[in-house]
Amino acid sequence: MSTIVVQKFGGTSVGSVERIQHVAGRVIKEVENGNKVVVVVSAMGKTTDELLTLANAINPHPSKRDMDMLLTTGEQITISLLSMALQMRGHEAVSLTGWQAGIRTEPIHGNARITNIETDLLQSYLDSGKIVIVAGFQGITASNEITTLGRGGSDTTAVALAAALQAEKCDIYTDVTGVFTTDPRYVKDARKLAAIAYDEMLELANLGAGVLHPRAVEFAKNYGVQLVVRSSMEDVEGTIIEEEVSMEKNLVVRGIAFEDQITRITVCGLPNELHTLSTIFTTLANHKLNVDIIIQTSMDKDTTNISFSVKTVDVSETIEVLDQYQDRLGFTSIEQESGLAKVSIVGSGMVSNPGVAAEMFQVLATEGIRVKMVSTSEIKVSTVVDVNEMVHAVEALHVAFKLGEESVERVMS
Ligand code: ADP
Ligand code: ASP
Ligand code: MG
């Protein structure tokens, strides 16, 4: 019996007629290996960004429902073109939108989670020998509303389909040759990793490494999907993402992630009471506003300041909500500092190595980079710095933690 393989191709990989033809060739190769193939594609090139610009030119505050209606058209262009390319080469292919493919989501526009996948139709196409091409990044709610899965969400479509169809593997084809120690577009010494553990990849993805959508990694971990990130252009080995990966000798850090567009908000003069923290963050959570690093500073015995970092896009809504509840929260003023970035080191080896955070701070201090906020977990340390220092910080940490060095021996755990 032939096995099912899911292949996903991102925007750059399907960005032109030539590239779609090239992708068709990759798909056919997998079919010729004797596999049943499901292909998930993104919108061509920068189409999603262009659609966003178009919407904003019409209405700077478009409804989220219409935005999803608009953005989902991008992926539909690609599925039909790829299907045509495969048919030109004599292969039977069928293109399916997310909803035709049975991808059900929660009723949230712009950032919906997949709740389940009804695979009957998809399975019947596969059984009849067709190559199935599914539009990434989209689904449908129980009440037939079209939703999107958040930027970069086609990865999640692919992994969720692989889990639902019990595929043998899920290959994420992209414009780099794998997962690197940090973004190779910013750091020239970044090194491709042969393998990385689900938990480390999840941290990196959540902390800004755009190479994989965080929910795709979550799905892969939860359903044990074998995930490989590899190049759509070059035929070279990619990076495997799996449960257990031994740390390389002498290394405690596996990778560095970074993200700009961070703002620090400080709520000043809050009453220094037992419930202050819970009231403020429950209020924000009720409005689905995400906050990241939180710092509380007691000013005197009666008052306290609470600072937290948010994504810059969420600043105005966050401040609006806080203002709305000023009487109940009892603060005197709100301050904000924009132009910040988050730089994080990630590695499962940190659990058993005290002093990694200290080393990070020392490296940054030696480079004259001021750290404005810090947060840690068992496998990561994040710092907030000025955005102008972001790449400098990443480069310095990459050198200090020896991430660019090829020659480190691998040790088995
Ligand atoms: P696709 O359109 O194929 O989904 P993305 O642009 O979403 O591609 O993701 C690939 C990009 O991720 C790369 O071009 C690279 O700039 C960026 N990236 C960020 N961090 C990393 C990393 N650690 N390893 C590899 N690529 C990374
Ligand atoms: N086209 C969508 C985006 O640009 C989804 C994706 O590419 O994964 O975010
Ligand atoms: Mg992507």
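Quick notes on this structure:
- Here Asn286 fulfils each of the conditions (1) open to solvent by less than 40 Å² (accessible area, probe 1.4 Å); (2) over 14 Å from Thr263 (Cβ atoms) apart from (1).
- Residues in the range 304-353 that are outside any strand (DSSP E or B) and in contact (Cβ under 8 Å) with a residue 24 or more places away in the chain: 21 in all.
- Among residues of the range 11-43, those that are open to solvent by 30 Å² or more (accessible area, probe 1.4 Å) and near ligand 2 (Cβ under 10 Å from one of its atoms), counted: 1
- Any hit, the range 57-71, residues being in a helix (DSSP H, G or I), more than 25 Å from Thr141 (Cα to Cα) and modelled with pLDDT of 95 or more: yes
- Boolean, Thr157 is under 20 Å from the mean Cα position of the chain (by Cα), modelled with pLDDT of 95 or more, within 16 Å of ligand 3 (Cβ to nearest atom) and assigned to a helix (DSSP H, G or I): yes
- Residue among Lys8, Lys46 that alone is touching a residue at least 60 places away in the same chain (Cβ under 8 Å) and either within 19 Å of Leu212 (Cβ to Cβ) or within 16 Å of ligand 2 (Cβ to nearest atom) (or both): Lys8
- The residue of the range 168-202 that is farthest from ligand 2 (Cβ to nearest atom), among those that are open to solvent by less than 60 Å² (accessible area, probe 1.4 Å) and free of Cβ contacts under 8 Å to residues at least 40 places away in the same chain, is Pro184.
- Test: Glu118 is away from ligand 1 (no atom under 15 Å from the Cβ) and either of a type in the set (Asp, Glu) or touching a Lys or Arg at 6+ places or on another chain (Cβ under 7 Å) (or both): yes
- Top-ranked residue of the range 127-152 - restricted to ones that are under 25 Å from Glu218 (Cβ atoms), in contact with a strand residue (DSSP E or B) (Cβ under 8 Å, 6 or more places away or on another chain) and outside any strand (DSSP E or B), ranked as most open to solvent (accessible area, probe 1.4 Å): Ala142
- Residue within the range 211-233 that is more than 23 Å from the chain's Cα centre (by Cα), more than 16 Å from ligand 3 (Cβ to nearest atom) and among the hydrophobic types (A, V, I, L, M, F, W, C) present: no
- Criterion applied to Lys46, Lys8 was being touching a Cys at 6+ places or on another chain (Cβ under 9 Å) and within 16 Å of ligand 1 (Cβ to nearest atom), and the one residue passing it is Lys8.
The values are calculated or read from the model by the stated rules, or taken from the named source; none is laboratory data. If you're wondering where the values come from, they're calculated on a predicted model, not measured in any experiment. Reconstructed Cβ throughout: ideal geometry from the backbone, glycine too, with neighbour counts over all protein chains shown. For the accessible areas, the whole protein counts, side chains as well, though only heavy atoms, and no ligand, DNA or RNA atoms are used. Shrake-Rupley method; radii C 1.70, N 1.55, O 1.52, S 1.80 Å.
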